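Working notes, structure below.
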Amino acid sequence: MTPFRTPAGGRIDRGKPIRFTFDGLAYTGQAGDTLASALLANGVHLVGRSFKYHRPRGIVAAGAEEPNALVTVDRGGGREVPNLRATQVEIYEGLTAISQNRWPSLKRDLGAVNDLLSPLFPAGFYYKTFKWPRSFWAKVYEPAIRRSAGLGRAPKAPDPDRYAQLYAHCDVLVIGGGPTGIAAALAAAEAGARVILCDEQPEFGGSLLHDPGATIDGKAATEWIAESLAALGRRDAVVLPRTTGFGYFAHNFVGLAERITDHLAAPGARQPRERLWQVRAKEVVLAAGAIERPLAFPQNDRPGIMLAEAARTYLNRYGVRPGTRAVVITDGDSAYRAALDLAAAGIAIAAIADTRAAPPGPLVDAARAAGIVVHPATTIIGTEGRRRVHSARLAPVGGGPEDHVSCDLILMSGGWTPAVHLFSQSRGKLRYDEALGAFVPGTSAQRERSAGGCRGTYELDACIGEGHAAGREAAAAARRSPAVSATVSGDAPAAPLPGGERSSQPGDAERGRDVAGEGALPRRKIPKRAFVDFQNDVTVKDLALALREGFRSIEHVKRYTTTGMATDQGKTSNMTALEFVATSLGKAVPAVGTTTFRQPYTPVTFGVIAGAARGDLFEPVRRTPIHSWAAENGAVFEDVGLWKRAWYFPKAGEDMHEAVARECRAVREGAGIFDASTLGKIEVVGPDAAEFMNRLYTNAWTKLEPGRCRYGLMLTEAGFIMDDGVVGRLAPDRFHVTTTTGGAPRVLHHMEDYLQTEFPDLKVWLTSTTEQWAVIAVQGPKARDVIVSLVDGIDIARDAMPHMSVRLGKVAGVPARLFRVSFTGELGFEINVPARHGRAVWEAVHAAGQAHGIAPYGTETMHVLRAEKGYIIVGQESDGTVIPADLGLDGMIGKTKPDFVGKRSLARPDMQLADRKQLVGLLATDPKVTLEEGAQVVEDPNAPVPMRMLGHVTSSYASAALGRSIALALVSGGRARKGMKLFVPALDGTAQEATVTDPVFYDPEGKRLDG
Amino acid sequence: MLIVPCPHCGDRPEIEFRYAGPAHIERAQRPAELSDEDWASYLYLRDNPKGLHFERWRHIHGCGRFFNAARDTVSDRFVASYKAGQKRPEIPR
């Protein structure tokens, strides 16, 4: 056995030694140990260096609230987790744990020089010191500060583990598996409720696990726990150990993080590392317990100084003596229990210093009877010992002679803080309880109730009673309101619990509530190095400084000093800080208020939140029916929304520029084939379809003949361009509407909105058909020649099927909707066939086109060709502030229509201004220069900064057809500037000269549309 | 994540829905007759109440229908939901 292990007792398995390493040194613990208890059993107290001053730090607590003992656990292969609390890490054979924030080693840490320099690092130090020169912040100061101040490092390798997620529903969710939670779960299950009970620890029982003398219903506590869990099992309750209720969200949606393999030496290959439970509970019982408060006395952060109840836990639960000679400093009764238990285990209690003038009660009497010296009205004014405390300096409250007491352990107890985190997250209102000196749950906002320690009830019998009542009430409430239904009122106030008087610790009423202000901290004399927030290295002096500098709101004090902002979110520090601020300002604690508790209760992994949504499953990928052909034929793809689109088809040895130039030439001179399947498609059907189109699009549709198409422009109600696309009228009551690739869902939603809520009298049916049709665009002067042999039942001769028409027939033997449309300026067809035939028809067209030099082309070529023609792309030439007139599309507006969505807005005075940004062409003076898309356009690049921006470049390409670069731009009053020279500044300080032109660069008369 | 009451399908999780802004803002029968000020107010001016809020939702991954709901913006509790076109219910404050 290790040197500080007791000969017997505790819940560890003494027959199972476990070997592990800490900072490379080998140690042995026992099965059931945490890393913290195993280190203490080996006499290791120095476990970390503090955040800012690199002060040696030891283990303070025994649970989730631990502020100091943060370690990195490295399982190899990228399985490296920083900032784990040693108090919650279960040891397993071969565990490799590493301390953090020290270099070169924990014992000799060069960063400790910060501690000597500490007078230079007060609160707000960063804001005050690193102001000049400005450029030094990002490059010099911040990286240096980040290196020397900090926590563990994030792992660099990808996380190789798997994480599971599931949804669960229950009548009653009980969070916290101590005596209160077990009692609540049992009562709820016995009342017939479906119950989930979870606890963050590997073993259920909470405080009972370190209270071996406790009895419940006349049974030993351990027996009661086992029987209760068995009873829960018989009633099919879901009982989840190692599961933290970390977040309480709206409508009783609670996040639980279950750790499945972190405690195993050799996890099964098929086991996920963690599991996210997304629980929707009809009722929630919070039984999260309470957290002991440290005291803010000078040098209260030395290794060997810990919370009294933590020492009791190490002794009773883990069979570890955390020291040999202890001094106890307290302002309440519970520390006496720890002193008594330690004394019984043979640990000398040198003294109990109690800040109360006359500590009353049976526990105090028991301590005296056990021969322990109790000093009333005594406080602690300092400690000594660098890597481990070796003495305490005691003095009477209010001043007097000092007493140096040698010790290697100091137990502190500043009272208890109910763990109201989840209650607060549920948006419940906290209430300050004067007698307890703590915030407790007040008004509920959701269907939950708190019981036991997290409600400020600490006596075991009372906790069990409250737990039972809460469980019973929760089950009944769940029955009354069978669903979390919104329409069912869920606002019944939490039922009153029995024992209306809060049972608190005996003697708590006389608790010296002013310890933080007066006892340990003599008034007006601010102690040095009295830490309030251990994890963020915030001292009483820092808080005092913040107040002196004028900070009054607790939220501001918190942010200025960073108290409560570390990974522990101030579990041990918030109340101490709050009381100090309140006392200093002469206000009551509730008048100062408390900061908001936010999710998560303890840190959760990114992995468990991401679940399976990573790598290939990060988001869905949409592929067209022709995708596989493009992939086989060497296409380079680009992401457009969720779609994979063929970007260009390079031949051997071609770069992108060469490939695009070749594809462009093929379309302009012969024929090209393009996969346009991603176009959004909506079938608008019904007797009122034309009227509906009239109201949703700017154009007039009534007179459009079946078999004809029209370019449709859709506006938002505010008059701005929202979407566009070709619309074909197939029949008087049927339109084939196309939308932009990215706009399809938005357009359908917009149409449904108006149809359902503004024009419900119209008889129209809307159906998304985007994925039902494969769309094959054949463009170029030879397009008709390419498809003529494949078309069946349609006369595609020039006059029989003019530009902007649509016909039904067959293409390559497949039923097709054949459009004669062009997005290139050339003669063009778009063949719509059922998606399942897409690839076959594509291949047939491609084969038929071989005689005409057909080339597959991608989205880049499509963009160049349409830009040469000045055709806009919504979202590129428009940005949500652009109206039709800005783009020269006034002609698309049905002037005689009394109304359409957006029409009234176009009449607003702002829409008539002459200096609106208008679409123009921009030709760089140097034809080889392709202007930067998104770059600003200015009159004079040498004007003083900030100079006036006239607009920006929206599209810019090298045009093979024109043998030079071209660009489109939105320029203020642009149409009146034609012929003017403007400038496009680049990021490197140079500026390109360019001439404003008409936006149509190629074939402005449109002669080529007929081939 | 909220539980949203669809008047057609019942209680469903929020991920099935799309929020659609405040309810009972009627588009004028003849927008052309509105002054610029009234039209701008229709387009842009919205209340942001603390407490009861009448709002539109669409069960976009369910029945696809728009409906109205009354939700308390402080507690997120839905106190009513009803079909589009129905009158705003009287809700005691």
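The values are calculated or read from the model by the stated rules, or taken from the named source; none is laboratory data. Nothing here was measured: the structure is a model prediction, and the numbers come from that model. Quick reminder, even Gly has a Cβ in these numbers, built from the backbone with ideal geometry, and neighbours come from all protein chains shown.
Below are the figures for this structure:
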| item | result |
| --- | --- |
| A:V788 over 23 Å from A:A867 (Cα atoms), more than 47 Å from the chain's Cα centre (by Cα), surrounded by fewer than 18 Cβ atoms within 10 Å (Cβ to Cβ) and not small (G, A, S) | yes |
| Any hit, region A:753-768, residues being in contact with a Pro (Cβ under 9 Å, 6 or more places away or on another chain), small (G, A, S) and surrounded by fewer than 24 Cβ atoms within 10 Å (Cβ to Cβ) | yes |
| One residue from A:A193, A:A226, A:A221 being buried (at least 19 other Cβ atoms within 10 Å of the Cβ) and either under 26 Å from A:G319 (Cβ atoms) or among the acidic types (D, E) (or both) | A:A221 |
| Condition check for A:A310: at pLDDT 95 or above, farther than 30 Å from A:R480 by Cβ and part of a strand (DSSP E or B) | no |
| Search result, residues across region A:13-53 that are of a type in the set (A, V, I, L, M, F, W, C) and within 30 Å of A:P119 (Cβ to Cβ) | A:L46, A:V47, A:F51 |
| Residue in region A:653-671 that is touching a residue at least 24 places away in the same chain (Cβ under 8 Å) and part of a strand (DSSP E or B) present | no |
| Residue that is closer than 20 Å to A:S956 by Cα and crowded, with 19+ Cβ neighbours inside 10 Å, where the choices are A:A689, A:A646, A:A676, A:A666 | A:A646 |
| Options A:T896, A:T930: the member that is closer than 29 Å to A:G979 by Cβ and among the polar types (S, T, N, Q) | A:T930 |
| Yes/no for A:V364 being out of contact with any Cys (no Cβ under 9 Å at 6 or more places or on another chain), under 22 Å from A:L394 (Cα atoms) and part of a strand (DSSP E or B) | no |
| Selection from region A:882-898 of residues that are assigned to a loop (DSSP other than H, G, I, E, B), more than 12 Å from A:G719 (Cα to Cα) and modelled with pLDDT of 95 or more | A:G888, A:L889 |
| Some residue of region A:935-943 being part of a loop (DSSP other than H, G, I, E, B), hydrophobic (A, V, I, L, M, F, W, C) and farther than 24 Å from A:M862 by Cα | yes |
| Search result, residues across region A:606-652 that are in a helix (DSSP H, G or I) and farther than 24 Å from A:W773 by Cα | A:F606, A:G607, A:V608, A:I609, A:A610, A:G615, A:D616, A:L617 |
| Close pairs (7 angstrom Cβ cut-off, 6 or more residues apart or separate chains): among the β-branched types (V, I, T) in region A:755-776, buried (at least 19 other Cβ atoms within 10 Å of the Cβ) and part of a helix (DSSP H, G or I) anywhere | A:V764/A:A689; A:V764/A:F692; A:V764/A:L755; A:T770/A:A744; A:I776/A:V841; A:I776/A:W842; A:I776/A:V845 |
| Of all residues making up region A:419-441, the number that are part of a loop (DSSP other than H, G, I, E, B) and either within 14 Å of chain B (Cβ to nearest Cβ) or at pLDDT below 95 (or both) | 8 |
| Selection status of A:A935, buried (at least 16 other Cβ atoms within 10 Å of the Cβ) and in contact with a Ser or Thr (Cβ under 6 Å, 6 or more places away or on another chain) | no |
| Residue in region A:224-235 that is assigned to a helix (DSSP H, G or I) and aromatic (F, W, Y) present | yes |
| Qualifying residue in region A:493-513 (condition: within 14 Å of chain B (Cβ to nearest Cβ), modelled with pLDDT under 90 and out of contact with any Lys or Arg (no Cβ under 7 Å at 6 or more places or on another chain)) | yes |
| Hits in region A:732-750 - residues which are among the hydrophobic types (A, V, I, L, M, F, W, C) and over 29 Å from the mean Cα position of the chain (by Cα) | A:F735, A:V737, A:V747, A:L748 |
| Residue count, region A:545-570 (criterion: surrounded by 24 or more Cβ atoms within 10 Å (Cβ to Cβ) and not in a helix (DSSP H, G or I)) | 4 |
| Leading residue by the ranking (farthest from the chain's Cα centre (by Cα)) among those in region A:984-1011 that are under 22 Å from A:A797 (Cα atoms) and small (G, A, S) | A:G1011 |
| Condition check for A:V684: within 14 Å of chain B (Cβ to nearest Cβ) and crowded, with 21+ Cβ neighbours inside 10 Å | no |
| Strands (runs of 3 or more DSSP E) enclosed by chain B - at least 1 residues per element that are under 28 Å from A:G428 (Cα atoms), at the interface with chain A (Cβ under 8 Å from one of its Cβ atoms) and in contact with a helix residue (DSSP H, G or I) (Cβ under 6 Å, 6 or more places away or on another chain) | B:3-6 |
| Test: A:S391 is closer than 30 Å to A:R102 by Cα, in contact (Cβ under 8 Å) with a residue 60 or more places away in the chain and within 49 Å of the chain's Cα centre (by Cα) | no |
| Enumeration of residues in region A:902-955 that are away from every other protein chain (no Cβ under 14 Å), polar (S, T, N, Q) and over 11 Å from A:A967 (Cα atoms) | A:Q918, A:T925, A:Q936, A:N942 |
| Qualifying residue in region A:74-84 (condition: of a type in the set (K, R) and surrounded by 24 or more Cβ atoms within 10 Å (Cβ to Cβ)) | no |
| Qualifying residue in region A:704-713 (condition: surrounded by fewer than 20 Cβ atoms within 10 Å (Cβ to Cβ), in contact with a strand residue (DSSP E or B) (Cβ under 7 Å, 6 or more places away or on another chain), away from chain B (no Cβ under 14 Å) and of a type in the set (S, T, Y)) | yes |
| Given (1) in contact with a His (Cβ under 8 Å, 6 or more places away or on another chain); (2) farther than 30 Å from A:V195 by Cα, number of the condition A:P401 does not satisfy | (1) |
| Filter pass, A:E466 being out of contact with any Asp or Glu (no Cβ under 9 Å at 6 or more places or on another chain) and within 25 Å of A:D199 (Cα to Cα) | yes |
| Unique residue being within 30 Å of B:V74 (Cα to Cα), assigned to a strand (DSSP E or B) and not hydroxyl-bearing (S, T, Y) when the list is A:V279, A:V328 | A:V279 |
